[in-house]
Each structure stands twice: as C-alpha cells, then as structure tokens.
1. Pairs, please: C-beta under 8 Å, at least 6 apart or cross-chain, first residue more than 22 Å from GLU22 (Cβ to Cβ) and in the range 54-81, second open to solvent by 80 Å² or more (accessible area, probe 1.4 Å)?
2. Look at the range 154-205 and say how many of its residues are more than 23 Å from PRO230 (Cβ to Cβ) and of a type outside the set (Asp, Glu).
3. From (1) surrounded by fewer than 18 Cβ atoms within 10 Å (Cβ to Cβ); (2) assigned to a loop (DSSP other than H, G, I, E, B), pick out the condition that doesn't hold for TYR39.
4. Kindly provide the set of residues from the range 1-43 that are under 20 Å from HIS74 (Cβ atoms) and among the hydrophobic types (A, V, I, L, M, F, W, C), ordered by number.
5. Check whether at least one residue in the range 176-188 is open to solvent by 40 Å² or more (accessible area, probe 1.4 Å) and within 22 Å of GLN71 (Cα to Cα), and report yes or no.
6. Are any of the residues in the range 195-218 farther than 19 Å from ASN90 by Cα, open to solvent by less than 10 Å² (accessible area, probe 1.4 Å) and not hydrophobic (A, V, I, L, M, F, W, C)?
7. If a residue has to be within 16 Å of the ligand (Cβ to nearest atom) and either part of a helix (DSSP H, G or I) or open to solvent by 30 Å² or more (accessible area, probe 1.4 Å) (or both) to count, how many in the range 229-248 make the cut?
8. Within the set of pairs 6 or more residues apart or between chains, which connect a residue that is farther than 20 Å from MET147 by Cα and more than 13 Å from the ligand (Cβ to nearest atom) inside the range 8-21 to a residue that is aromatic (Phe, Trp, Tyr) and modelled with pLDDT under 95 with Cβ atoms less than 7 Å apart?
Amino acid sequence: MSITVVGSVALDSVETPLGKKEDALGGAATYFSTAASLYTKVQLVGVVGDDFPEEHIEFLRKRGVGLEGLQRRHGLTFRWSGRYRYEDINNAETIETQLGLFGDFDPELPESYREADCVFLANIDPDLQLKVLQQVRQPKLKVLDSMNFWITNKKEELTEVIKKVDVVLMNEGEALQYGETFSLVAAARKILQLGPKVLLAKRGEYGAAMFADQTFFFAPAYPLEVVTDPTGAGDTFAGGFLGYLSRAGDYSLAAMKRAVLHGSAMASFTIEDYSIDRLRSLTLAEVEQRVTDFAGFTSPEAEAVFDKLRLHS
Ligand code: AMP
C-alpha cells in the first residue's frame, strides 16, 4: 500500500478577514501528504529551494512521508499568495504565483516510488504530471487534480493528462471552466468522455459530488462553527479520499463513495486552523467520528444535535 504524489511544496501567504499568515508551509503535495499519511505510506516528488525551512522537512519526515524524491536545490521555493473574502469562502483569489524551481523542474522518480499502488498528480504543471505518469509501472489508481491557473494557461497539455487517469478532481467552478458550461452534469459528461472513470467535483462548504458512468453521489461538508483558513481543503480532501482507498486496497465505486466522506471529513479539520496546523495532532479516530456523524446529517430519521456542532477542536 503506497501512494506516489507529485505537486507543489510551497510557502504560502494567506489573507482572510480574520488575519494574515506569511510564508506558511503549504503546497498541494504538502497538504495531500500530511493528510494521506494518516492512512498509508506516501512518497513525495517535488522540489524546494534553499529558502525552505528545514523544520518543514523534519515535520514531513516525522510524519513518515517518503522524501527521497523531494529535491532541495539552489533557488527559490514555489510561492503562492491568496486572499479569501466573507462573500466567497470557497474560492481563493490568487494574488501571486511564483513557480520558482518548479519552472524547470524535471522529476526523477526513485526506484521505490515506481511500484506505488496509487499515483496522485496534485495541482502542478500538467507537463510535470505527465512526466511522473510515464515513470510509474502499473498503479491501480491514477488521480489528477488541477486548477484554473493551468486550465487557462495549459489546457491542451492538461487534456492529455486527463485522458490517461482514472479519477479527475477539480473544484466545481474549475470543472465548469474546463467543460465550458454552466452545468456540472454536462462538465462531468465531457470529462468522462475523455477516458476517466470518475469526476470528483469539490464544492467547498457544500461538500463534493462524484460522477461516474452509471452512478453519482453527493457528500455534504461538515458544518463547522470555526472556519479559519480554507487553504488546503481541496488537497486534504484528496488525501483523505486516496488515503482511505489505498488503505482499504479497494478501488471500486462503492469504496470511492466512502472515500469521499473521508475526504470531506479531512478537509473540515484542515480549515479550522492555518496551514497544516490542525492536522499535526489529528488522529484517524477523529476523522472516522466525523464520517459517522455525516449519516446523522443526511437522514431525516436521524436526530443530529445542533449544540454538538460547538464541539470543534
Ligand atoms: P487548495 O487545497 O485547493 O486550497 O490548494 C492550496 C495549495 O495550492 C496552496 O498551498 C498553494 O501553495 C497551492 N497552489 C496554488 N496555486 C498553485 C498552482 N498554480 N500550482 C500548484 N500549486 C498551487
């Protein structure tokens, strides 16, 4: 059981109406690895510069994340800065993206990474995603994430990668942008026609929707009283989703529906605090409790207690 992941390892600066955080540990692959390592072995592919604090590397190492494929080079780490407003907590407004060393990164997968059961192509340049895909042997599941930045700048290349994966993960708005439609169902149809078995659309505070050839499934988001920083919700959703599948060793559509609930629960913890901070102490038992709670929120026969929602970390 293992997952190989390629994606950004970053220093993020995030602004919300509640506060500002500069140069915090971020990046799609960082968030993903931190979440998925609660379930299974994760092997990271990426690059950081000499401005990247050693303590972050130490954190990932202690977490058990494989770092043989994380290059440290002379130059600058990927940096992203963004802003969230009360009016739209589901979509970050990008202030600046600096690719740094990812601009000419050439991923070389260590031998041990090539046999992974799952590959997660986290949000990064589709050319890099393709290079990683070409080096893995026969993974049971290939999953891709992307975002507006790459849809706008590299749609053709992104389409080539989409054709080669089993599951596509995107924010709802990005799936609509990619499909050039106002209908998520129509966007799902277009993406599935390219080859993937599943489109998983992340819908922020409204949860997630999964579309496959013969079935679809909607999962809620966990209702939270404290929302601090939505950054990383999408990537930790992916970490819970793939982590669950890899641990179960079951990649059926039925398992994917359960995995979506794990993704949704995991994301809810992430946004309670800045960066990956809430995940530092998170246990799988806490995630499982929220997965169980979902049943009470969506069945009219169940009696969910509003006051219980005060109980957050
Ligand atoms: P999300 O889970 O969707 O909130 O993703 C948040 C992470 O994506 C941040 O930690 C950023 O460092 C990273 N990110 C933002 N823009 C890009 C991009 N264009 N390519 C790769 N990673 C990005």
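1. Qualifying pairs under 8 Å: GLY64/LYS41; GLY66/LYS41; LEU67/ARG61; GLY69/GLU108; ARG73/ASP50; HIS74/ASP50.
2. Restricting attention to the range 154-205, the residues satisfying the condition of being more than 23 Å from PRO230 (Cβ to Cβ) are 154-166, 179-183, 185-186, 188-198.
From what is left, the residues that are of a type outside the set (Asp, Glu) are 154-155, 158-159, 161-165, 179, 181-183, 185-186, 188-198.
Residues in the range 154-205 being more than 23 Å from PRO230 (Cβ to Cβ) and of a type outside the set (Asp, Glu): 26 in total.
3. Checking TYR39 against (1) surrounded by fewer than 18 Cβ atoms within 10 Å (Cβ to Cβ); (2) assigned to a loop (DSSP other than H, G, I, E, B), the one that fails is (1).
4. At the first step, the residues of the range 1-43 found to be under 20 Å from HIS74 (Cβ atoms) are 8-11, 23, 27.
Selection gives VAL9, ALA10, LEU11.
5. No, there is no match, as no residue in the range 176-188 is open to solvent by 40 Å² or more (accessible area, probe 1.4 Å) and within 22 Å of GLN71 (Cα to Cα).
6. So far as the range 195-218 goes, yes, one or more of its residues are farther than 19 Å from ASN90 by Cα, open to solvent by less than 10 Å² (accessible area, probe 1.4 Å) and not hydrophobic (A, V, I, L, M, F, W, C).
7. Total meeting the criteria: 11.
8. Hits for this filter: PRO17/TYR86.
The values are calculated or read from the model by the stated rules, or taken from the named source; none is laboratory data. All values reported here derive from a predicted model rather than from experimental measurement. For neighbour counting, all protein chains shown are included, and Cβ atoms are generated from backbone atoms with ideal geometry for every residue, glycine included. Ligands, DNA and RNA are excluded from the accessible area calculation, which covers all protein heavy atoms including side chains. Shrake-Rupley method; radii C 1.70, N 1.55, O 1.52, S 1.80 Å.
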